[in-house]
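J.: Before we start, here is the structure in question, set down as C-alpha cells.
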Amino acid sequence: MSAAIGMEVLKTKGRKIWLVVAVMMAVQLLWAGWAISNKDANDLIQGWMFFLYQFPMLNCIIMPVIAAVVASRLSDVEHKGQTFKLLETIIPAQRIFAAKFIWGSIYMLGAALGQLAIMIGMGFVLHFGGPVPWGALASYLFFTLVVSLTIYIFQQGVSMLVANQMVPMTLGLVGGFIGLFSMFFPQGLQKLILWSYYGVLMQVGMNWDETTRATDFYWTAIDWSGLGLILVFFVLIYGIGRILFVRREV
Amino acid sequence: MSNIIETEGLSKQYGNIYRVKDVDLKVPEGAIYGFLGPNGAGKSTTLKMILGLAKPTEGEIAVFGKRVNSKNRLENLKNVGSLIESPSYYGHLTGEENLRIFQTLRGVPKQNITEVLKIVRLENQQSKKVSQYSLGMKQRLGLASALLGYPKLLILDEPTNGLDPAGISEMRELIQSLPQKFGMTVVVSSHLLSEIDQLATRVGIIREGELVYQDSLTKLHQYSKQHLAVRTMNNEVTKAFLSQNGVAWEAEDDYLIIPQMKDTMMAEISKALGQNNIGLVRIEERKKSLEDIFLELTGTAVSL
Ligand SMILES: Nc1ncnc2c1ncn2[C@@H]1O[C@H](COP(=O)(O)OP(=O)(O)OP(=O)(O)O)[C@@H](O)[C@H]1O
Ligand SMILES: [Mg+2]
C-alpha cells in the first residue's frame, strides 16, 4: 500500500496541485480580510463566531472546487496514458482506488488546515474578543474534513470512471453552487445534498435585526444526525465508487 | 510439453453478440505464439481476458497450469508482462520515472530499469519526458514496462504498431531472442501474417471471434497446396487434350493451372503433347502464398 501511495506522489510531480490549493486559500484569506475590514471593534468581540459562520458558507463553493480539481488532476494522467490496463495487472484495482483517495485526502487536509490557520492567524492579529474557542475550532476542522472528503471521494469516483474530465468538473461546480443556495432549502432537502453539509454542520447561528441592522451570533447545537448521515454518505460513495472501478473493464 | 496458457471455451459477449467464441488457445512453453486475425477479430479481447482486464462470459483460463480466478489472478500475473493495444505511460514524467513506477509497484530490483532501457535501446532518452517521445519510442517504452520483471510469459498486442520498417525488424529480432535469453514464452498478436512469419513457432488464427487455425507455422506452410502451371505453344488445343484425359485445368494469364501429379503422369502428358506437335515451353511448380492462405482463413472463403 505504501508503495502505491508513494507512486501517487511521484505521479503528481510537476502538476502544481498544491498551487491550486494555495490559490484557493489565498481567495479565502482575501475574502475573510474583506469581510472583517468593515467591522468595528464592537463586532470583533464576536470575531470567532463571525468566522465560524462565514467560513462554512464560503466552503460550500471553495472546497468542492478544490476537490474537483485535485481528483481530476490525480486521475486524468491515467486516462491520458491508458495506464489502468497496465496497473491493474500489477496491483489490485481497489488498492489503486485507495491510494488515490489517501493521497487526495492530503490535499483536502492541507486546505482545511490552511483555513484554520487563516482564522486563527487573523483572530490573533485583530485581537478577537474572548478566549480562543479551541473546541469549536477543532470541531470545525473535523466537520470541514468529513464533508470535504465525502465530496472528494465523489469527485474521485467520477474522475476515475469517466475519461472526459469535463464531466466531474461540471458536477463539482454545479454541486458547489447548489450547496451555496441550499441555505434556503428546507432542512430535509438540505440533508440529501452532499454540498450543503458545510451549512448543516455549522456551529454558529445568526440573528439579524432589521431595525438596528445589527447582527448577533450565537452558538448552536451540533447536528448529530447530520454528522451521522454524512458519514453514511461517505461510506456509501466510497463503496459504490470502488465497486464500479473494480468491475470496470478496460 | 506443458502449456503456459490454456483456455477452454473462452467466450466474450458484448451486447448480445459474441466477439470471442469458444476459443481453446494453447500456448506451449518456450513458444513464440503468433496470434493472428484481421481488425476486430477479437485478439485484444482474448488477451485482455487472459490478463483479467475483461471478464469472460464463458470459459476457463489456465496460466502456468493454474486455473485463473479473481483470487489468484494477480499472484499468477507476477510472472506475466503485457502490452495491450497501446503502451501505458505518464506523459508528464520521464521514461525512467515511468519505469520506476511500475518497477516499484512490481517490487522488482531497481537495476532492472537500467537493464530493460538498454534492451529496448532507450537509455539515451530516459530523462526525456515521455510526452516528447515519438510513437516508436513510446512503443519501446511499453515493451520495457512489460519486460521489467523478466516475466516468464510476455503478452504483446500488436507491438509493432507505429514502428517504421527498421523498428519492426528490430522488434522482431528482440522478440526472437527472448525465449533463449530469458526463457520467456511470448504471445504476439498481429493482423499481418508476414510480420510473424519466420518469427512465430506456433500460430493461432482468429476470425470473427473463432479460432480457425492453431498449429505450428510449418504446418501452415504445408497447407499451401502445390499445383503446376504449364505453358504450351497452343494452350487451346492443350485444354481440350487435358479435358479429354480427365485433368482439371484453369486458365491463368498464359498458363494453365493443373493439380500436382505424379512424375509418370506428367511424363505421359508431355509425351502426348509432343506427339501432337504442341511444344511444352514451361512447367512451374506453384505454391499459394502464406498471405493467400491467411486471407482464405480469415476472409469469407474458408477452404481448409
Ligand atoms: N468494450 C467493448 N464494448 C463493445 N464492443 C467491444 C468492446 N471491446 C471490443 N469490442 C468489439 O469486439 C470486437 C473485437 O475487438 P478486439 O479489440 O478484440 O479486436 P482485435 O482483433 O484486437 O482488432 P484490432 O486488430 O483492430 O486491434 C470488435 O468488433 C469490437 O468492436
Ligand atoms: Mg486489438
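The values are calculated or read from the model by the stated rules, or taken from the named source; none is laboratory data. These numbers come from a predicted model, not from an experiment. Neighbour counts are summed over all protein chains in view; Cβ atoms, including those assigned to glycine, are modelled from backbone coordinates with ideal geometry.
J.: Could you look through segment B:50-63, keep only residues that are part of a loop (DSSP other than H, G, I, E, B) and surrounded by fewer than 18 Cβ atoms within 10 Å (Cβ to Cβ), and pick out the one that is nearest to the other protein chains (Cβ to nearest Cβ)?
T.: Here the residue is B:Lys55.
J.: Quick one: in segment A:10-37, which of the residues that are of a type outside the set (A, V, I, L, M) and touching a residue at least 24 places away in the same chain (Cβ under 8 Å) is farthest from the other protein chains (Cβ to nearest Cβ)?
T.: Among those residues, the one meeting the criterion is A:Gly33.
J.: Mind listing whichever residues of segment A:160-190 are under 20 Å from A:Gly239 (Cβ atoms) and buried (at least 19 other Cβ atoms within 10 Å of the Cβ)?
T.: Residues satisfying the conditions are A:Met160, A:Pro168, A:Gly175.
J.: Given the criterion farther than 23 Å from A:Glu8 by Cβ, modelled with pLDDT of 95 or more and either within 13 Å of chain A (Cβ to nearest Cβ) or out of contact with any Lys or Arg (no Cβ under 8 Å at 6 or more places or on another chain) (or both), identify the matching residue among B:Val80, B:Val108.
T.: Criteria check complete, one pass: B:Val80.
J.: Scan segment B:222-245 and tell me whether some residue there is in contact with a Leu (Cβ under 8 Å, 6 or more places away or on another chain), on the phi < 0 side of the Ramachandran plot, small (Gly, Ala, Ser) and at pLDDT 85 or above.
T.: Checking segment B:222-245: at least one residue is in contact with a Leu (Cβ under 8 Å, 6 or more places away or on another chain), on the phi < 0 side of the Ramachandran plot, small (Gly, Ala, Ser) and at pLDDT 85 or above.
J.: With the structure loaded, tell me whether B:Ser88 is at pLDDT 95 or above, part of a strand (DSSP E or B) and within 12 Å of chain A (Cβ to nearest Cβ) or whether it fails that test.
T.: No.
J.: To continue, here is another question. What number of residues within segment B:36-49 are more than 10 Å from ligand 2 (Cβ to nearest atom) and surrounded by 24 or more Cβ atoms within 10 Å (Cβ to Cβ)?
T.: Here the count works out to 2.
J.: So, in segment B:65-77, how many residues would count as being more than 8 Å from every other protein chain (Cβ to nearest Cβ) and touching a residue at least 12 places away in the same chain (Cβ under 8 Å)?
T.: Residues flagged as more than 8 Å from every other protein chain (Cβ to nearest Cβ) and touching a residue at least 12 places away in the same chain (Cβ under 8 Å) within segment B:65-77 amount to 5.
J.: Another question about this same structure. If B:Ala272 meets every condition in (1) in a helix (DSSP H, G or I); (2) within 30 Å of B:Ser189 (Cα to Cα) apart from one, which number is that one?
T.: Answer for B:Ala272: the failing condition is (2).
J.: In segment B:14-28, which residue that is within 28 Å of B:Asn79 (Cα to Cα) and either within 14 Å of another protein chain (Cβ to nearest Cβ) or buried (at least 17 other Cβ atoms within 10 Å of the Cβ) (or both) is nearest to ligand 1 (Cβ to nearest atom)?
T.: B:Arg19
J.: Restricting attention to segment B:91-105, report how many residues are more than 19 Å from A:Ile96 (Cα to Cα) and more than 10 Å from chain A (Cβ to nearest Cβ).
T.: Count: 2.
J.: Determine, yes or no, whether A:Ser105 is within 14 Å of chain B (Cβ to nearest Cβ) and of a type in the set (Gly, Ala, Ser).
T.: In short, no.
J.: May I ask you to list the residues in segment B:43-92 that are in contact with a Pro (Cβ under 7 Å, 6 or more places away or on another chain) and within 16 Å of ligand 1 (Cβ to nearest atom)?
T.: Listed by number, the residues that qualify are B:Met49, B:Leu83.
J.: Residue by residue through segment A:79-132, note down the ones that are of a type outside the set (Val, Ile, Thr), assigned to a loop (DSSP other than H, G, I, E, B) and buried (at least 16 other Cβ atoms within 10 Å of the Cβ).
T.: Within segment A:79-132, A:Gly81, A:Gln82, A:Glu88, A:Phe128 qualify.
J.: Looking only at segment B:216-245, count every residue that is among the small types (Gly, Ala, Ser) and in a strand (DSSP E or B) and tell me the total.
T.: 2
The rows are residues; the columns are (1) at pLDDT 95 or above; (2) within 14 Å of another protein chain (Cβ to nearest Cβ); (3) more than 17 Å from A:Leu145 (Cα to Cα).
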residue: A:Ser72; (1), (2), (3): yes, no, yes
residue: A:Val77; (1), (2), (3): yes, yes, yes
residue: A:Gly81; (1), (2), (3): yes, yes, yes
residue: A:Leu87; (1), (2), (3): yes, yes, yes
residue: A:Phe101; (1), (2), (3): yes, no, no
